[in-house]
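Working notes, beginning with the structure itself.
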């Protein structure tokens, strides 16, 4: 993947400067997006393994900026739960305002793509019908490492493969084509009820193989490494660490 920086001087382009990725600190490719829209149950096999009937309308929920981390940063398992699960996903980043756009027009509003690991605290996710708590623990939304422009990729990332590995073992593998709702459909549907703005992030859903559905269940723990790879987008890799327990308040 590209590891170069383009600089400008007095209107003239200088030579590209090589950057060693091993010596760089990666941040999420989009800093402080206004909206992070996630799509649940967007692969039929994942809906089935989760015990849900495949919905006819996208299952949408939100993430917040406070949960985001970059490539290489640790995903933190909270002290209140041992059910930290992985979810490898494709990200679409909006580049042009979209309101009431058709499916045929929708991809014209996508600037490019990246990778997401939608780290989920499963027992908290299902404490209520809404998934907000389990999807928004601090330092659980890994995003990156790169942003690749749409013109450098197949339309809607069709034909690309997503693979998630835990400690080197493949736990998820699927084609982007297997999504129930394509990137174009998701953008169009979301634009029917809200204006998507440049920099908004759409996390498009995960395929089967999540730890919750396995027998025995497989949750991430301190010392693990989780990688999500998508063809032509790179590899998002994050170590897993236990979040430090809060210090007990001193008694008066």
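Listing for the model above:
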| quantity | calculated |
| --- | --- |
| Residue 225-residue 132 pseudo-label distance in nm [points 7 Å out on the Cα-to-Cβ vector] | 3.7 |
| Equivalent ellipsoid semi-axes, the chain, via Cα gyration tensor eigenvalues times 5, rooted, Å | 28, 24, 18 |
| Translational D in µm²/s for segment 80-217 (Stokes-Einstein at 4 °C, 1.567 mPa s, Kirkwood Rh from C-alpha pairs) | 81 |
| Distance (nanometres) between label positions extended 7 Å along Cα→Cβ at residue 34 and residue 22 | 4.2 |
| Percent of Cα-Cα distances greater than 27 Å, calculated over segment 15-147 | 27 |
| Distance from segment 22-48 to segment 55-126 (C-alpha centre basis), Å | 3 |
| Rounded to 5, percent antiparallel among DSSP beta bridges of the chain | 85 |
| Antiparallel DSSP beta bridges within segment 56-179, percent to nearest 5 | 90 |
| Calculated [θ] (222 nm, deg cm²/dmol) that DSSP helices of n ≥ 4 give over the chain, each run adding -39,500 (n - 2.57) | -2000 deg cm²/dmol |
| Extension gain from residue 170 to residue 244, taking 0.36 nm per residue of separation minus the Cα-Cα distance | 23.8 nm |
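Read-outs: derived from the displayed coordinates by stated rules, not from any lab. Nothing here was measured: the structure is a model prediction, and the numbers come from that model. For neighbour counting, all protein chains shown are included, and Cβ atoms are generated from backbone atoms with ideal geometry for every residue, glycine included.
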